[in-house]
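Visitor: Got a structure for you, questions after.
What follows draws every value from the coordinates through simple rules; no lab data is involved. Note that the coordinates shown come from a computational prediction; the quantities given were computed from them, not determined experimentally. Quick reminder, even Gly has a Cβ in these numbers, built from the backbone with ideal geometry, and neighbours come from all protein chains shown.
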Amino acid sequence: MKRKPPVSRLHKPNPKPRFKTVERSWHNGADVEIGLYARSLRNAAKTLISTLDRPPNPKTAWDATPIILLYRQAVELNLKSLVGEGSNFLPSPIDSITLFKTHSLRWLAQIVCQIIKAVRWEKEFKCEDVTGLADFSALVNELEALDPVSCAVHSKSRRRDGSAPELLQPSNAIRFAKKLDGLLDLLDATTDALAATWDLRAEGISVELDSEAGEDFGPTIQ
């Protein structure tokens, strides 16, 4: 029987603790609070998008750059949540302190790829702008490289009027935000699917992590 698309843990009135002891988690048991915060960052980014002056304007060209920072932190938190749930499937689980302290999206994405391969969900791990692990890594790397301060300091084509680099202009930032919306939905659904799969195993229900099981227990993104 096919698995229904996972329901986000944030919609549950009394979410079940992800771990028997909070010492095992990077968030010290605050997964619901972290999830709500990540969602608030995304909502704040969308609110800012709605206020942007779309036509090119050197005076407001940097107004879109906080959108990237808001999405970046939301993606970081969602990556950490996925790694926190999925590292149980790795031969050596990720150290919770290391996971808490890191801010490297590239490193987190590498661990996510290891987890997806471990559970054999490569074919299911996709959304509109992510057709596989290569696209996923490329999108995360692009987000990591779009730090506004780094772009300003290291830009080889700094503009005389002081406006933002092309990739951080409002129109491009808005298009990029849409890709990140899909990525965040994918990460959230995958995190819930990993938690459900681990819960079944903890309850003594055998779950074979092969290609066929991936269709039953893997994330479903329409």
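Visitor: Add +1 for every Lys or Arg and -1 for every Asp or Glu among the other residues with Cβ under 11 Å from the Cβ of residue 141, and state the total.
Guide: -2
Visitor: Based on the mean of other Cβ atoms within 10 Å per residue, sort peptides 110-116, 75-81, 40-46 so the most packed one is first.
Guide: Ranking, from highest mean packing down: 75-81, 110-116, 40-46.
Visitor: Let me ask something else about it. Spin-label point model (7 Å from Cα, Cβ direction): what's the residue 171 to residue 28 distance in nm?
Guide: 4.7 nm
Visitor: While we're here: Step through the table entries 126/178; 46/179; 126/179; 101/126; 46/178, compare each Cα-Cα distance with 18 Å, and write down the pairs that go over it.
Guide: Pairs exceeding the cut-off: 101/126.
Visitor: Round to the nearest 0.05 the FRET efficiency obtained for residue 178 and residue 200 when R0 = 35 Å and r is the Cβ-Cβ distance.
Guide: Once rounded, the FRET efficiency stands at 0.55.
Visitor: For residue 123 paired with residue 101, estimate the spin-label separation in nm (one decimal), with each label point 7 Å from Cα along the Cα-to-Cβ line.
Guide: Output for this residue pair reads 4.1 nm.
Visitor: Then there's this: Subtract the Cα-Cα distance of residue 134 and residue 59 from 0.36 nm times their separation in residues, and report this length gain in nm to one decimal.
Guide: So the extension gain works out to 23.3 nm.
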